[in-house]
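Just so it is clear, none of the values below were taken in a lab; they were calculated from the coordinates. Treat the numbers as computed from the prediction; the structure is a model and nothing was measured. In this analysis, Cβ positions are derived from the backbone assuming ideal geometry, glycine residues included, and neighbour counts consider all displayed protein chains.
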Amino acid sequence: QKNPYALPGRSAVVHLFEWKFRDIARECEEFLAPMGYAAVQTSPIAEHLSQPKKGHPWWERYQPMSFRIVSRSGNESRFAEMVERCNYVGVRVYVDVVFNHMTGPLKPARSIAGTSADGINRNYPEVPFHSNHFNPKCDIHTYNDVNQVRNCLLSGLNDLNQTNTYVREKIIDFLNRLIDHGVAGFRVDAAKHMWPADLEYIYSQVKNLSARHGFAPGLRPFIYQEVIDLGGEGVKKTDYNAFARVTEFKYGAEIGNVFRGHNAMKWLKNFGSEWGLLPSGDALVFVDNHDNQRGHGAGGPTIITHKEPRLYKMAVAFMLSWPYGYPRVMSSYSFNNTDKGPPINKNSSIKNVTITSNGKCGNGWVCEHRWPAIVNMIEFRNKVDGTAVANWWDNGNYQIAYSRGDKGFIVFNEEMGADLKQILKTGLAEGSYCDVISGKKMRNKCTGRTVDVGKDGNAAITLLKEEEGVLAIHIGSKI
Ligand code: LM2
Ligand code: CA
């Protein structure tokens with residue numbers, strides 16, 4: 001089912017990567033709901049491998065040991081409390097679910113909850129799964145062969161057979177338990193490595209969203225499936241988008257290309273399905289994700305992350321201003337090597353997300369979703385909802401501007417070493433507007449630069465090369 005169930009006036013899902021449930025609950029109440037975010041994506045919540053000797057790399061959570069709810073983010077009662085609190089303030093919860101595989105070939109494999117499994121002989125007593133529930137061991141030698149991609153081992157991880165009735169039942173039970181807790185949907189990890197028909201069957205057997213948690217009768221869960229398809233492989237994103245949404249990896253790759261100066265911004269004019277992207281209503285889009293921000297997954301060095309803040313703000317501002325796909329905002333912790341897990345205390349529990357008096361995060365959490373330019377663009381997206389792109393302007397190269405109907409207007413300057421000075425049609429009514437990238441409207445004053453729109457809807461826009469590369473105004477920032 002492709003509807004994210006955003007409350008009216010809200011949009012986007014924020015991935016609170018590796019956050020503890022308690023911190024997510026607080027964030028729903030204190031920030032996400034009031035600021036207009038629609039939903040959160042959690043990290044995987046099922047009992048998973050523990051690798052203390054490796055310093056608890058983030059990817060241990062992508063090696064499940066059972067479908068009990070216990071992870072480095074918290075136990076089942078904390079999870080239940082989080083979903084309850086987020087739902088109460090109208091923020092949807094989507095869980096990252098991993099059921100293509102279990103752990104790699106470790107004997108014993110020890111879980112975060114202290115149980116063990118035999119990853120060599122494929123015995124997972126907590127489920128239980130035995131070797132007959134898995135596909136025969138083989139390696140993926142070529143991504144041209146869909147049989148290998150779906151039936152062999154992804155990075156050596158024991159590959160569950162989702163065609164098996166018992167395996168299906170265990171997966172369906174797990175998803176149903178999450179629905180009972182009040183979640184609104186799922187991010188399906190490694191969907192590319194499972195057969196579309198198996199997934200479609202599993203989804204069809206999952207319950208409707210929980211009435212007890214306030215969902216209307218008959219609602220099917222929101223599902224977005226992780227399928228990495230940059231072209232040229234056997235498995236295609238279009239194998240999966242008939243029955244649920246798909247993560248559109250080409251989006252961030254193309255955005256990276258454009259904003260890094262490898263493809264002129266003027267071409268963005270028809271960014272969307274004409275670029276070979278999925279139909280808008282089938283796509284879950286993002287500038288970076290937890291994999292490709294650290295060189296895992298797809299996209300490589302073209303992907304833009306929080307490590308390049310000026311560029312990142314431009315890329316995310318484009319995503320949030322552009323009416324294509326359902327956007328996901330990444331919220332990271334800082335890292336300098338690709339394995340590094342979240343910030344931890346001496347006893348290796350995950351550190352709390354602390355919030356400083358100016359609204360920034362401490363303890364090593366980056367919290368891109370709280371960056372003023374990013375959260376202000378969430379408000380922009382919510383205010384312009386339902387309008388089309390209009391008043392497109394470009395300089396033939398790396399300067400562009402457009403409005404969203406008569407509700408919002410945005411300008412980008414990515415022209416190497418050049419200023420932007422133009423009289424532009426904003427589509428907006430006459431008045432003074434506060435640029436939400438350099439500042440914010442506060443008590444009818446603007447803390448950043450103001451833009452004066454004349455009777456004719458035109459405004460003199462200046463974006464100097466040393467300033468931010470983007471400027472945005474909307475009906476809510478009128479002063
Ligand atoms: C995905 N796609 O379908 C993600 O793009 C991918 O990043 C995930 O792997 C994968 N699904 C499994 O959920 C991540 C991480 C890997 C890591 C796995 C399992 O990117 O590096 O693999 O999780 O934890 C790790 C080791 C790898 C080892 C494997 C098995 O990094 O070297 O392979 O465990 O022991 C021998
Ligand atoms: Ca598989």
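Quick notes on this one:
- Beta bridges per DSSP with both ends in the chain, % antiparallel, nearest 5: 60
- For Gln51, net neighbour charge (Lys/Arg +1, Asp/Glu -1) across residues whose Cβ lies under 9 Å away: +2
- Distance (nanometres) between label positions extended 7 Å along Cα→Cβ at Lys346 and Lys455: 7.2
- Counting neighbouring Cβ atoms within 10 Å and putting the fewest first, the residues Leu424, Leu464, Leu230 line up as Leu464, Leu230, Leu424.
- Segment 368-479 shape via C-alpha gyration tensor axes, a/c threshold 1.5: rounded
- Order of Thr387, Thr103 - criterion: other Cβ atoms within 10 Å of each residue's Cβ, fewest first: Thr387, Thr103
- Taking Lys and Arg as +1 and Asp and Glu as -1, the other residues whose beta-carbon sits under 11 Å from that of Phe134 total +1.
- Per-residue ³J(HN,Hα) for segment 278-293, Karplus 6.51 cos²θ - 1.76 cosθ + 1.60, θ = phi - 60°, Hz, x for Gly and Pro: 4, x, 3, x, 9, 10, 10, 10, 6, 7, 9, 10, 5, 7, 6, 6
- Computed from backbone phi with θ = phi - 60° and the Karplus coefficients 6.51, -1.76 and 1.60, the 3J(HN,Hα) list for segment 462-478 is 10, 9, 7, 4, 7, 8, 4, x, 8, 9, 9, 10, 7, 4, x, 9, 6 Hz; x is used for glycine and proline.
- With 31 Å as the limit on Cα-Cα distance, the pairs of Lys250/Lys346; Lys54/Lys313; Lys250/Lys407; Lys269/Lys455 that go past it are Lys250/Lys346; Lys54/Lys313.
- Near Leu219, the amide H atoms lying under 5 Å from its own belong to Leu209; only residues 5 or more places off or on other chains count, and H is placed 1.01 Å from N.
- Inter-part distance where segment 253-326 and segment 1-27 are each reduced to a Cα centre, Å: 20
- Gly234 long-range amide H proximity, modeled H, under 5 Å: Asn144, Asp145
- Under 5 Å between amide hydrogens, built in the peptide plane, is the criterion, and for Leu428 it picks out nothing among residues at least 5 positions away or on other chains.
- Taking 7 Å steps out from each Cα toward its Cβ at Glu200 and Thr302 produces label points 3.1 nm apart.
- Principal-axis analysis of the Cα atoms of the chain puts helix 196-205 at an angle of about 90° to the longest axis.
- In sequence order, segment 422-432 has phi-based couplings of 8, 8, 10, 7, 9, x, 8, 5, 3, x, 9 Hz under the Karplus curve 6.51 cos²θ - 1.76 cosθ + 1.60, θ = phi - 60°, and Gly or Pro positions carry x.
- Proximal aspartates and glutamates relative to Lys383, as straight alpha-carbon distance under 18 Å, when same-chain residues fewer than 8 apart are discounted: Asp406, Glu430, Asp435
- Neighbourhood net charge (9 Å Cβ-Cβ; Lys/Arg +1, Asp/Glu -1) for Asp282: +2
- Proportion of all alpha-carbon pairs of segment 1-122 beyond 25 Å (%): 30
- Relative counts (whole %) of C-alpha pair distances in the chain, using bins that are 20 Å wide: 24, 56, 19, 1
- Candidate cross-link partners of Lys237 among the aspartates and glutamates, defined by an alpha-carbon separation under 17 Å and a same-chain spacing of 8 or more, comprise Asp145, Asp189, Asp198, Glu200, Glu226, Asp229, Glu248, Glu254, Glu274, Asp282.
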